[in-house]
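Written below as structure tokens is the structure these notes are about.
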Amino acid sequence: MRRGDYIVYVDESGDHNLVDFDPQYPRFVLAFCIVKIEHYVDHVVPFVQRLKFEFFGHDMVVLHEREIRQRARPFDNLMNEAIRTKFMTRVDELFNSSRIGIVASVIRKPEFRERRGAQLNPYEVALEFGLERVFLQLQKRGQVGRKTFVVFEGRGRTEDRDLELAFRRILDTTTMRGMAQTLEFLCVDKKTNSSGLQIADLVARPIGIHDLRPSQSNHAWDVIEPKIVRGPNNRVRGYGLKIYP
């Protein structure tokens, strides 16, 4: 099989617990970042590497949205407001200068539990929504039948096995012709210093916060929103952004 021209990185925000979830953040978000491999290698990775050396002096640091937001180590240098402002400006530049397409599934947990019960795994529902929309984008780009890796961060042996089974179940049962022959599962160790996975991590929570509190000022959402895949009439909802229910 020919390899595709694109790669997809996936990360999540929140957990998929429907029984004892955080009432302050009753959302589960699965974010998919679609990027052309050539652009990723030539622009995205070098930009991320330069950013790390610029602010930390090495490239071993892993960009995590939660740690950046909380200014936890190794991001404690962001306690200095001048450094934080410069750092966040550079992160904005990373997104603004990169050709990344974003697809996201948002699960509203209370409504999901009420409609579907607590037994159905919202991760699998979000995964199916996301994979279908990712495939439609690859289809538009002439990638059907060309192997395209969908990269997930590992969460543990059992969880990773269950995730792969869910992924393959979706491909086995989909009615979208060519999807099973195009998307390929790849799960990597949590310690992997992948620029793509880190970008997906930066994307997921701001999308969930925007859905939860749409009138709240959300700079990260403002930067991310132009990258979300659009449908007819420039619509995001239902195309690059699936909110359920």
field: Members of the stretch 52-67 that are of a type in the set (A, V, I, L, M, F, W, C), open to solvent by less than 50 Å² (accessible area, probe 1.4 Å) and over 20 Å from the mean Cα position of the chain (by Cα)
entry: PHE55, PHE56
query: For residues in the stretch 8-18 being over 15 Å from PHE129 (Cβ atoms) and surrounded by fewer than 20 Cβ atoms within 10 Å (Cβ to Cβ), which is nearest to the chain's Cα centre (by Cα)?
result: ASP15
Residue in the stretch 74-113 that is surrounded by the most Cβ atoms within 10 Å (Cβ to Cβ), counting only those that are within 21 Å of ILE199 (Cβ to Cβ) and of a type in the set (D, E, K, R): ARG84
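Of all residues in the stretch 19-44, which are at pLDDT 95 or above and either surrounded by fewer than 17 Cβ atoms within 10 Å (Cβ to Cβ) or not in a strand (DSSP E or B) (or both)?
Residues of the stretch 19-44 at pLDDT 95 or above: 24-44.
Correct list: GLN24, TYR25, PRO26, ILE37, GLU38, HIS39, TYR40, VAL41, ASP42, HIS43, VAL44.
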message: Quick check on the stretch 75-134: of everything there that is among the small types (Gly, Ala, Ser) and in a strand (DSSP E or B), which residue is farthest from ARG169 (Cα to Cα)?
response: GLY101
query: Which numbered condition trips up THR192, out of (1) at pLDDT 95 or above; (2) part of a loop (DSSP other than H, G, I, E, B)?
result: (1)
query: Which pairs have Cβ atoms under 6 Å, sit 6 or more apart or on different chains, and link a residue in the stretch 218-236 that is under 16 Å from ARG90 (Cα atoms) to one that is of a type in the set (A, V, I, L, M)?
result: ILE224/VAL203
Tally, over the stretch 138-177, of residues that are of a type in the set (A, V, I, L, M, F, W, C) and open to solvent by less than 40 Å² (accessible area, probe 1.4 Å): 9
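The values are calculated or read from the model by the stated rules, or taken from the named source; none is laboratory data. None of these values were measured; they are calculated from a predicted model. Cβ sites come from the backbone with ideal geometry, for glycine too, and all protein chains shown count toward neighbours. Remember, those area values only see protein heavy atoms, side chains included, never the ligands or the DNA or RNA. Shrake-Rupley method; radii C 1.70, N 1.55, O 1.52, S 1.80 Å.
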